[in-house]
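Asks: The following block contains the structure, expressed as structure tokens.
The values are calculated or read from the model by the stated rules, or taken from the named source; none is laboratory data. The model shown is predicted, which means the values in this text are computed figures rather than measured ones. Note: ideal-geometry Cβ built from the backbone for every residue, glycine included; neighbour counts use all protein chains shown. Only protein heavy atoms, including side chains, enter the accessible area calculation; ligands, DNA and RNA are left aside. Shrake-Rupley method; radii C 1.70, N 1.55, O 1.52, S 1.80 Å.
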Amino acid sequence: NMSHELRTPLNAVIGITEMLTEDAEDDGLEDYLEPLGRVSRAGTHLLHLINEILDLSKIEAGRMELIEEQIDLQNLVRDVVLTAETLAATNNNTIEFSSADDIGIVRGDSTRIRQIMLNLISNACKFTEDGVVEIRSSIGAGPNGPEFHFAVRDSGIGMSDEHMRRLFQDFSQADSSMSRKYGGTGLGLAISRRLARMMDGDITVESQLGQGSTFTLVLPHSTPEPAMESEDAGISADRDGLTVLIIDDDQTSRDIIRRALVGEGFDVVSATNGRDGLDRARALRPALITLDIIMPESDGWEILTELKADPELSDIPVVLLSILDEPAKGFALGASDYLSKPVRREALRAVLDRFTDDA
């Protein structure tokens, strides 16, 4: 409930700030970009704090659901390293990356594995200035078979033995002075280790005060299998005439999503409640539907169930956009993808690219 109350206004703050930033860039209002950037960074920071506290609460309550899938490690690591370049630039650090030729696949939750990797890299970049952050991925022998190792080594401030003993405790940081200087909640590493262990893996650490640290994510490794051709191959960038239906009772959310979709070249139709959304879906047969979950009368779960039970509508991709964080339930009911609000423009664009074509 608290997550819902916090995310609702934050969705408006982040979404509208993105809209205003685009307008300022288009109109050449350079003086507006810096303060808008501050608002955006502050909103994103608040969202990160909310996500961490929600993750911890779900893990402690035994309600954290992982979506197990077969993950191409080469693609996953490549995406993470590209993101790392931006993280490193903040403190003028340099990324050095090396990887085994064929690191194959693992089974696990790709979103959570990416979350762990980025947390390790973010910490390395935060506690290192004008230094080097080394990222290495490899396959090694473990007590129960082959293991995937993702190691992040920094040349930063390092830690003492006492600091390392407290490292994975909830809301714990090395000491209060570091908390004041570097910020953070002390939750990132605690959550990352718990997630790794839920996937039968772990996180290890080696460090020496003043000489940097090395964090290593270890996961069970699977035998590589031939890559399968994506079902979404052959997507066309030509979107003329493609209609996307937005079903959301919140006007601000509809405005933010509409603007993003129009900017990508789609025709957009909106519905303010589930029943109206069903009627419009039957009348228009849109190329894609975005669906909120928390709505009065008929919620998103009910509408998704009816959409997938209707033979004439069941083949339309439905992307859930919600303040709730329940992707496993969404996928079980037939959703094509699941994005948590506030939705970033890049994430929405990636989903559109996957589920729209010129048919």
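Asks: So THR83 passes all but one of these: (1) in contact (Cβ under 8 Å) with a residue 12 or more places away in the chain; (2) surrounded by fewer than 16 Cβ atoms within 10 Å (Cβ to Cβ); (3) over 21 Å from GLU206 (Cβ atoms); (4) more than 19 Å from the chain's Cα centre (by Cα). Which condition number does it fail?
Replies: (4)
Asks: While we're looking at this one, here's another question. Which residues, taken from the stretch 290-346, are assigned to a helix (DSSP H, G or I), touching a helix residue (DSSP H, G or I) at 6+ places or on another chain (Cβ under 9 Å) and aromatic (Phe, Trp, Tyr)?
Replies: Listed by number, the list holds a single entry, TRP301.
Asks: What about LEU339, is it open to solvent by less than 70 Å² (accessible area, probe 1.4 Å), modelled with pLDDT under 90 and closer than 21 Å to GLU69 by Cβ?
Replies: yes
Asks: Within the stretch 113-133, is even one residue buried (at least 18 other Cβ atoms within 10 Å of the Cβ), of a type in the set (Ser, Thr, Tyr), over 25 Å from SER3 (Cβ atoms) and in contact (Cβ under 8 Å) with a residue 60 or more places away in the chain?
Replies: Yes, the stretch 113-133 contains a residue that is buried (at least 18 other Cβ atoms within 10 Å of the Cβ), of a type in the set (Ser, Thr, Tyr), over 25 Å from SER3 (Cβ atoms) and in contact (Cβ under 8 Å) with a residue 60 or more places away in the chain.
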